[in-house]
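Participant: What follows is a single structure, and I will ask about it in a moment.
The values are calculated or read from the model by the stated rules, or taken from the named source; none is laboratory data. All values derive from a computational prediction rather than experimental measurement. Note that each Cβ is placed from the backbone with ideal geometry, even for glycine, and that neighbours are counted across all protein chains shown. For accessibility, only protein heavy atoms count, side chains too; no ligands or nucleic acids. Shrake-Rupley method; radii C 1.70, N 1.55, O 1.52, S 1.80 Å.
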Amino acid sequence: MEPKLFDSERKVMEVLWAAGTSLTAKEIAAQLGEAVGWNKNTTYTVIKKCVEKGAIQRREPNFQCFPLVRREEVQAAAAAELVDKVFDGSASLLFASLLSGKQLPPEEVRRLRTLIDELE
């Protein structure tokens, strides 16, 4: 099972995923300082929590951070939790809720149909 990541932890992971490689904690702190206004201590605390959860591996020198989980894995785990918690385990209820009252562009409808066809 993938680690459950809170919003702050996902922000750190998004920086790593976007980089596509390892970053130093200092580099992550600089990016999050600009993007969301975090100070270095806040970023380092959140990185430490990600390390404890097994989402990031810390290596020396320079406090290198390597992502151990993929974005898709975290998204799938969060979606499964949402379906279980809010929609009593029913993906169709989630899907219906997402689509109710919304006008989707034709290309989005085609993409959804393709996804459904691939599942069958």
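Participant: Over the chain, what is the relative contact order in percent, taking alpha-carbon pairs closer than 8 angstrom and at least six residues apart? If you can, show how the numbers build up before the last one.
Facilitator: Working: 101 pairs, mean separation 28.9, N = 120.
With pairs under 8 Å counted, the relative contact order is 24 percent.
Participant: Keeping all protein chains in place, calculate the accessible area per residue for the chain (probe 1.4 angstrom), answer in Å². Write out the running numbers ahead of the final one.
Facilitator: Details: 8350 Å² over 120 residues.
Normalised by residue count, the accessible surface of the chain is 70 Å².
Participant: Follow-up question, since we're still on this one. Taking square-rooted eigenvalues a ≥ b ≥ c of the alpha carbon gyration tensor, is segment 1-41 rounded, prolate or oblate, where a/c under 1.5 means rounded and, failing that, a/b exceeding b/c means prolate?
Facilitator: Details: a/c = 2.12, a/b = 1.35, b/c = 1.57.
Oblate, because a/c is 1.5 or more while a/b does not exceed b/c.
Participant: Enumerate the residues in segment 1-15 having an amide nitrogen under 18 Å from the point lying 7 Å beyond the Cα of Asp84 toward its Cβ.
Facilitator: So the set is 1-7.
Participant: Heavy atoms only, probe 1.4 Å: what % of the accessible area of the chain goes to carbon and sulfur, would you let me know?
Facilitator: Numbers: 4490 of 8350 Å².
Here carbon and sulfur together make up 54 percent of the probe-accessible area.
Participant: Please work out the FRET efficiency for the pair Lys40 and Glu120, using the Cβ-Cβ distance as r and a Förster radius of 35 Å; give the result to the nearest 0.05.
Facilitator: 0.10
Participant: A further question follows. Place +1 on the Cβ of every Lys and Arg and -1 on the Cβ of every Asp and Glu in the chain, take the dipole about the Cα centre, and give the residue among Phe6, Trp38, Ser90 whose Cα lies farthest towards its positive end.
Facilitator: Looking along the dipole axis, the top candidate is Trp38.
Participant: Also: Using alpha carbons only, how many degrees (0 to 90, rounded to 10) separate the axis of helix 71-86 from the longest principal axis of the chain?
Facilitator: 50
Participant: So how many Lys-Lys pairs in the chain land under 15 Å Cα to Cα, not counting same-chain pairs under 8 apart?
Facilitator: Going through the chain pair by pair, I get 13.
Participant: Taking a label point 7 Å from the Cα of Ala77 along the Cα→Cβ vector, which residues of segment 29-55 have an amide N closer than 12 Å to it?
Facilitator: Residues 50-55 qualify, since their backbone N sits under 12 Å from the label point.
Participant: Here's a follow-up. Mind checking the angle between helix 40-53 and the chain's longest principal axis? C-alpha axes, 0 to 90 degrees, to the nearest 10.
Facilitator: 60
Participant: Still on this structure: Using 1/(1 + (r/R0)^6) with R0 = 25 angstrom and r between the beta carbons of Thr24 and Lys53, what's the FRET efficiency to the nearest 0.05? Can you show the working numbers first?
Facilitator: On the way: r = 20 Å, r/R0 = 0.79.
It comes out at approximately 0.80.
Participant: Assign one of three labels to segment 1-115, namely rounded, prolate or oblate, based on the Cα gyration tensor with a ≥ b ≥ c the square roots of its eigenvalues; rounded applies when a/c is under 1.5, prolate when it is not and a/b is larger than b/c, and oblate otherwise. Write out the running numbers ahead of the final one.
Facilitator: Working: a/c = 2.49, a/b = 2.07, b/c = 1.21.
Here segment 1-115 falls in the prolate category.
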